[in-house]
Amino acid sequence: SSDLGDRNGIRFSGRGIIYSSGPHPVAGSSDTDSCSLEIWLQPGRSRQAGTIIAFYSPADPTDFSLFQERSSLGFRLHNQRNVQGPHFYDRLGGVFSSGKPVFITITSDSKMTSVYAGGVPAKTMPNFPLVVRNLLGQLVAGTSPSADQSWAGQLLGIATYGRMLTPTEVARHYQTWTIKGRPES
């Protein structure tokens, strides 16, 4: 169903956008580069393209974004100051083909980034150097901070962590979010 029902969340359609007034806080942020991101969402259409969320900081030249590319979820680390790079891109195919809500977890130790869908491993990206500072910028949802790339769908929840979640934590968080409608405290 495209209705939020009794769930919390935000519905994007047309040119909707939200952004944080300042840097997005990362829970348990530490001195290491390890990080994790959880996002629960439901695209409005499986054949669309658009930026779901992005973390942007004028002080840091690299922004991180998640975007929909038809039924695939895309991951991008983009150097804003240098058109030539470095840029990192990858995608997880078919994740939005069911039309149902999807719970995605991304964990990284700065060398290896792993993606989980529905609490189970879905993809490993050995050359995708996501670090905690990539999640510390201003959170922009519903489009890109630098271009008109609007996205339609429902954002049901998002959480960031300054450490890698273990596979057991990923599975437990998935159960907690989807049953209780919110993350563990």
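Set the Förster distance to 25 Å, then compute FRET efficiency between residue 127 and residue 98 from the Cβ-Cβ distance, nearest 0.05. Walk me through the numbers on the way to the answer.
On the way: r = 29 Å, r/R0 = 1.14.
Efficiency computed from Cβ-Cβ geometry: 0.30.
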Practice item. Please give the length that would be gained between residue 172 and residue 45 if that part of the chain were fully extended, namely 0.36 nm times their separation in residues minus their C-alpha to C-alpha distance (nm, one decimal). Key: 42.9 nm
Exercise for review: List, in order, the whole-Hz ³J(HN,Hα) value for each residue of the stretch 132-138 obtained from phi through the Karplus relation with A = 6.51, B = -1.76, C = 1.60 and θ = phi - 60°; use x for Gly and Pro.
Suggested key: 4, 5, 5, 9, 9, x, 5
Review point. At a 1.4 Å probe radius, carbon and sulfur cover how many percent of the accessible area of the stretch 68-185?
Key: 51
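So with the 1.4 Å probe, I'd like the accessible area per residue for the stretch 81-157, rounded to whole Å². Write out the running numbers ahead of the final one.
Details: 3430 Å² over 77 residues.
Result: 44 Å² per residue.
The values are calculated or read from the model by the stated rules, or taken from the named source; none is laboratory data. Only a predicted model underlies this, so the values are computations on that prediction, with no experimental measurement involved. Every residue, glycine as well, gets a Cβ built from its backbone with ideal geometry; the counts of neighbours run over all protein chains shown. Accessible surface areas use protein heavy atoms only, side chains included; no ligands, DNA or RNA. Shrake-Rupley method; radii C 1.70, N 1.55, O 1.52, S 1.80 Å.
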